[in-house]
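In what follows, a structure is listed as structure tokens, so that the remarks can point back to it.
The values are calculated or read from the model by the stated rules, or taken from the named source; none is laboratory data. For clarity, every value in this text was computed on a predicted model and none was experimentally measured. All Cβ positions, even for glycine, are placed from backbone atoms using ideal geometry, and neighbour counts span all protein chains on display. Just the protein is used for accessible areas: all its heavy atoms, side chains included, with ligands, DNA and RNA removed. Shrake-Rupley method; radii C 1.70, N 1.55, O 1.52, S 1.80 Å.
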Amino acid sequence: MSVEKNKLFNVIKQKLPKNVLFTEEIADILDISYDAAYRRLKGKTSLAFEEALELAKHFKISLNKLYELPCDNSFFINKKKLENNIDALIQFYKELSSYVKLFNIHQKTDIVYSAKDIPFYHVNTDSLYWKFRIYVHINFSQNTASNQKISFQNFKPKFSAIEEAKKFRETFRQVNIIDVWEDTTINSSLYQIFYFYKTKILSKDEALLLCEEIHSMIKDIESSAINNSLDVRGSRKNSFELYYSKILNINYSIFFKNEHKKGILLPYNSFSYIKIEDDRICNEVDTYLKKQLQMAKKVSGDFEMERKVFFTTMYDKIEQLKKEINAKVLLSFI
């Protein structure tokens, strides 16, 4: 089966940089010779439907939209599913760092992080809390048999995982970040600490230390919110903004945007994610996020009163959890 190719080739040409040879690019993608690619471009050989699909996938082109076919409610996504182990974690850090760098080639890249949990770029890799977050993801996010679970005391992440985590954290700090939090963003971490303490996976000292580290991390985030930068020294040009969304529920997503490109990462299942670069979907998400930010409370920069209320609530939750651990009573810090 062949397809009318001129529309497709014209769109591809518009997407290619001027220094890229069109015929060579087509040959590389379809894994055919330069001569075979040339014959397809000149119409001497028909472009097979399978080849058109391959080109459309590579350049993220909707054939439905291009050829005005019905039922244009579909779009291309890339789903990256990884196993829950330390090697998957390393790969997860690498791929997200590469995606940030891809956007950061251009100036004025913004990332809007809708945070259902404390974003990893706020977490110091030298902390017990970082080890705890990774431990929970690897050992309890899937149905792992109890006798296969590693104790927290014996859990030792690879040095390469720590190094990749540091690179990941540094990469995110090179772009403009907008965090959107809810009341419950901090809750999952606090629930996890309490649960694993009550089930004796964490000792009392470890649970209290984790509380202290989260408190210290929230203090750093508060400082970043005051200075509008993740670098509290203010030596970098990237900005940090923090919003508190109470009216509209946030969806766990990471939205990337600059003047050349948009993209969405939808994390799921610990170290897996769905990547969407469809223009229509990205524009819809962009519009929704703008509306959400308009209705949210900004707690960074000059908004001192809103910031004070927001962070006082965070500190109160941590202190309540510490009291619960010390008192050994049921969780009620919310």
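Residues that are charged (D, E, K, R) and either touching a residue at least 24 places away in the same chain (Cβ under 8 Å) or over 28 Å from His260 (Cα atoms) (or both) within segment 1-30 comprise Glu4, Lys5, Lys7, Lys15, listed in sequence order. Gln174 meets the conditions (1) open to solvent by 10 Å² or more (accessible area, probe 1.4 Å); (2) modelled with pLDDT of 95 or more in every case but one. The failed one is (2).
Here is a check on your reading of the model: is Leu69 modelled with pLDDT under 85 and surrounded by 14 or more Cβ atoms within 10 Å (Cβ to Cβ)? In short, no. When Val3, Val11 are screened for being among the β-branched types (Val, Ile, Thr) and at pLDDT 65 or above, only Val11 passes.
Selection over segment 306-334 of residues that are among the hydrophobic types (A, V, I, L, M, F, W, C), open to solvent by 90 Å² or more (accessible area, probe 1.4 Å) and modelled with pLDDT of 90 or more gives a count of 1. If the condition is being over 32 Å from the mean Cα position of the chain (by Cα) and surrounded by 12 or more Cβ atoms within 10 Å (Cβ to Cβ), then segment 7-20 contributes Lys7, Phe9.
Yes/no per residue for (1) touching a helix residue (DSSP H, G or I) at 6+ places or on another chain (Cβ under 7 Å); (2) surrounded by fewer than 14 Cβ atoms within 10 Å (Cβ to Cβ):
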residue: Tyr243; (1), (2): yes, no
residue: Ser253; (1), (2): no, no
residue: Phe256; (1), (2): yes, no
residue: His260; (1), (2): no, yes
residue: Gly263; (1), (2): yes, no
residue: Glu277; (1), (2): no, no
residue: Asn283; (1), (2): no, yes
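Does segment 140-152 include one or more residues that are surrounded by fewer than 19 Cβ atoms within 10 Å (Cβ to Cβ), among the basic types (Lys, Arg) and either modelled with pLDDT of 90 or more or touching a Ser or Thr at 6+ places or on another chain (Cβ under 9 Å) (or both)? No.
In this structure, does Ala88 turn out to be more than 14 Å from the chain's Cα centre (by Cα), at pLDDT below 85 and surrounded by 15 or more Cβ atoms within 10 Å (Cβ to Cβ)? Taking the combined requirement at face value, the residue satisfies it. Filtering Leu265, Leu202, Leu242, Leu208 for residues that are of a type in the set (A, V, I, L, M) and in a helix (DSSP H, G or I) leaves a single hit, Leu208.
The combined condition, being assigned to a loop (DSSP other than H, G, I, E, B), more than 30 Å from Ile247 (Cα to Cα) and modelled with pLDDT of 90 or more, is fulfilled by Asn124. Ser229 satisfies every condition listed in (1) in contact with a helix residue (DSSP H, G or I) (Cβ under 8 Å, 6 or more places away or on another chain); (2) surrounded by 19 or more Cβ atoms within 10 Å (Cβ to Cβ) except (1). Applying a threshold of 6 Å to beta carbon distances and a minimum spacing of six or more residues, or different chains, the list of pairs starting in segment 236-261 at a residue that is over 22 Å from Glu304 (Cα atoms) and touching a residue at least 60 places away in the same chain (Cβ under 8 Å) and ending at one that is open to solvent by 50 Å² or more (accessible area, probe 1.4 Å) and among the acidic types (Asp, Glu) reads Lys257/Asp110.
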